[in-house]
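*Asks:* The structure follows.
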Amino acid sequence: MNYTQFKHVVVLTGAGISAESGIPTFRGQDGLWTQKEMEYLARPETFRKDPEKVHAFYNQRRLDLKQSKPNRAHNHIAYMQDELAGSPTRMTLVTQNVDDLHEKAGTKDVIHLHGELNSALCIKCQSRMICDHDLTDQSVCKNCQSQGALRPDIVWFGEIPYHLDEVQKALLQCDMFVSIGTSGSVFPAADFVNTAKQNGAFTVELNLTPSENAKVFDHTNYGLASQIVPNWIDTFIHGP
Ligand code: OAD
């Protein structure tokens, strides 16, 4: 099979695609999630109680991101978008990642479900702004001038992911769904494969190890994203 048989491809990425770029996953052996502090920090109530601590954590992650480069998997997704441009096949890229490695690789119109490290959100006026510097509890909102109201624009525990309507529409329309580097343990993203499949899409999992949803997928391939993603994309574009 190749892309000419499909009208709309939805690609979902998770932390696994950025692991080889040096960004730790959440649930792997080097996962951030094993550190209880991270679970404590990713909550709106923690930010209300201790904004300095939350800012310090995300400032460090933002700084780390400046040194990180996209790997072959990010680059090949950008290549696929270029190849499909101008063809009748549409591509929608949805990521759970808050890094900017898809954008650094050249992919356009990336849908960030869980927000972005390089964005700040004002809790007073709800405006969002590019943020490529440290935030503190003294930072001033460029829109409403409030001091101390800027937070990392990240979807924390108990908050609703962004762009769900747009993603749901794409899932109902797509005839190919590809999940890359995600454990399938965080909803609603973990359920996207079911929505796509119930609507007739062919479903593919590319991951290091089987996700919690592995049995649902029509086709699976396990290995490093930098290897299996380019291989799958080359076959999808050029045929076997
Ligand atoms: P996880 O850390 O839960 O899962 C990472 C997945 O990537 C696992 O299935 C690994 O097997 C796989 N993986 C690791 N290294 C890989 C590699 N080199 N190549 C391919 N796959 C690899 O990350 P997510 O599923 O993205 O939410 O986690 C989902 C959400 O959980 C995150 O977006 C985060 C967290 O709560 C928020 O921050 C809101």
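The values are calculated or read from the model by the stated rules, or taken from the named source; none is laboratory data. None of these values were measured; they are calculated from a predicted model. Note that we place each Cβ from the backbone using ideal geometry, even for glycine, and neighbour counts take in every protein chain shown. The area values use the complete protein model at the heavy-atom level, side chains included, leaving out ligands, DNA and RNA. Shrake-Rupley method; radii C 1.70, N 1.55, O 1.52, S 1.80 Å.
*Asks:* Could you grab the pairs with beta carbons closer than 7 Å, sequence gap of 6+ or different chains, first residue in segment 1-29 and farther than 18 Å from H74 by Cβ and open to solvent by 20 Å² or more (accessible area, probe 1.4 Å), second one more than 9 Å from the ligand (Cβ to nearest atom) and aromatic (F, W, Y)?
*Replies:* Pairs that qualify, where the first residue is farther than 18 Å from H74 by Cβ and open to solvent by 20 Å² or more (accessible area, probe 1.4 Å) and the partner is more than 9 Å from the ligand (Cβ to nearest atom) and aromatic (F, W, Y), are N2/F236; Y3/F236.
*Asks:* For segment 134-169, which residues satisfy the criterion of being open to solvent by 80 Å² or more (accessible area, probe 1.4 Å) and touching a residue at least 40 places away in the same chain (Cβ under 8 Å)?
*Replies:* D134, G158, H163, E166
*Asks:* Name, by its number, the condition in (1) without any contact (Cβ under 8 Å) to a residue 40 or more places away in the chain; (2) surrounded by 20 or more Cβ atoms within 10 Å (Cβ to Cβ) that does not hold for K124.
*Replies:* Checking K124 against (1) without any contact (Cβ under 8 Å) to a residue 40 or more places away in the chain; (2) surrounded by 20 or more Cβ atoms within 10 Å (Cβ to Cβ), the one that fails is (2).
*Asks:* Got at least one residue in segment 107-116 being without any contact (Cβ under 8 Å) to a residue 60 or more places away in the chain, in contact with a Phe, Trp or Tyr (Cβ under 7 Å, 6 or more places away or on another chain) and within 16 Å of the ligand (Cβ to nearest atom)?
*Replies:* Looking for residues that are without any contact (Cβ under 8 Å) to a residue 60 or more places away in the chain, in contact with a Phe, Trp or Tyr (Cβ under 7 Å, 6 or more places away or on another chain) and within 16 Å of the ligand (Cβ to nearest atom), one finds at least one in segment 107-116, hence yes.
*Asks:* Here's another thing I want to ask about it. Can we say F47 is away from the ligand (no atom under 13 Å from the Cβ), in contact with a helix residue (DSSP H, G or I) (Cβ under 6 Å, 6 or more places away or on another chain) and assigned to a helix (DSSP H, G or I)? First the steps, then the outcome.
*Replies:* On the way: away from the ligand (no atom under 13 Å from the Cβ): yes; in contact with a helix residue (DSSP H, G or I) (Cβ under 6 Å, 6 or more places away or on another chain): yes; assigned to a helix (DSSP H, G or I): yes.
It is true that F47 is away from the ligand (no atom under 13 Å from the Cβ), in contact with a helix residue (DSSP H, G or I) (Cβ under 6 Å, 6 or more places away or on another chain) and assigned to a helix (DSSP H, G or I).
*Asks:* Here is a further query. What tally of residues in segment 163-193 results from selecting those that are within 16 Å of the ligand (Cβ to nearest atom), among the polar types (S, T, N, Q) and farther than 21 Å from W232 by Cα? Please lay out each step first, then the result.
*Replies:* Going residue by residue through segment 163-193, those that are within 16 Å of the ligand (Cβ to nearest atom) are 163-164, 167, 177-193.
In the following step, the residues that additionally are among the polar types (S, T, N, Q) were identified as 179, 182-183, 185.
Still in the list and also farther than 21 Å from W232 by Cα: 185.
Residues flagged as within 16 Å of the ligand (Cβ to nearest atom), among the polar types (S, T, N, Q) and farther than 21 Å from W232 by Cα within segment 163-193 amount to 1.
*Asks:* Shifting gears a bit: Could you list, in sequence order, all residues of segment 139-148 that are modelled with pLDDT of 95 or more and part of a loop (DSSP other than H, G, I, E, B)? Before you say what the answer is, go through the steps one by one.
*Replies:* Step one: list which residues in segment 139-148 are modelled with pLDDT of 95 or more, which gives 139-147.
Of everything in segment 139-148, those that are modelled with pLDDT of 95 or more and part of a loop (DSSP other than H, G, I, E, B) turn out to be S139, C141, K142, N143, C144, Q145, S146.
*Asks:* Examine segment 69-90 for a residue that is among the hydroxyl-bearing types (S, T, Y), within 16 Å of the ligand (Cβ to nearest atom) and crowded, with 16+ Cβ neighbours inside 10 Å, and state whether such a residue exists.
*Replies:* Going through segment 69-90, the residues among the hydroxyl-bearing types (S, T, Y) turn out to be 79, 87, 89.
Still in the list and also within 16 Å of the ligand (Cβ to nearest atom): none.
Checking segment 69-90: not a single residue is among the hydroxyl-bearing types (S, T, Y), within 16 Å of the ligand (Cβ to nearest atom) and crowded, with 16+ Cβ neighbours inside 10 Å.
*Asks:* Looking only at segment 119-138, filter to residues that are outside any loop (DSSP other than H, G, I, E, B) and closer than 20 Å to P44 by Cβ; which one of those is farthest from the chain's Cα centre (by Cα)?
*Replies:* Here the answer is C122.
*Asks:* If F187 satisfies every condition in (1) surrounded by fewer than 18 Cβ atoms within 10 Å (Cβ to Cβ); (2) under 14 Å from the mean Cα position of the chain (by Cα); (3) under 30 Å from E83 (Cα atoms) but one, which is the exception?
*Replies:* The one condition F187 does not meet is (3).
*Asks:* Here's a follow-up. Look through segment 194-219, keep the residues that are of a type in the set (D, E) and either farther than 17 Å from W232 by Cα or open to solvent by 20 Å² or more (accessible area, probe 1.4 Å) (or both), and return whichever of them is farthest from the ligand (Cβ to nearest atom). Break it down into steps so the answer makes sense when it comes.
*Replies:* Pass one, segment 194-219, residues of a type in the set (D, E): 205, 212, 218.
Then drop every residue that is not either farther than 17 Å from W232 by Cα or open to solvent by 20 Å² or more (accessible area, probe 1.4 Å) (or both), which leaves 212, 218.
Values: E212: 9, D218: 18 Å.
So, considering only residues that are of a type in the set (D, E) and either farther than 17 Å from W232 by Cα or open to solvent by 20 Å² or more (accessible area, probe 1.4 Å) (or both), the one farthest from the ligand (Cβ to nearest atom) is D218.
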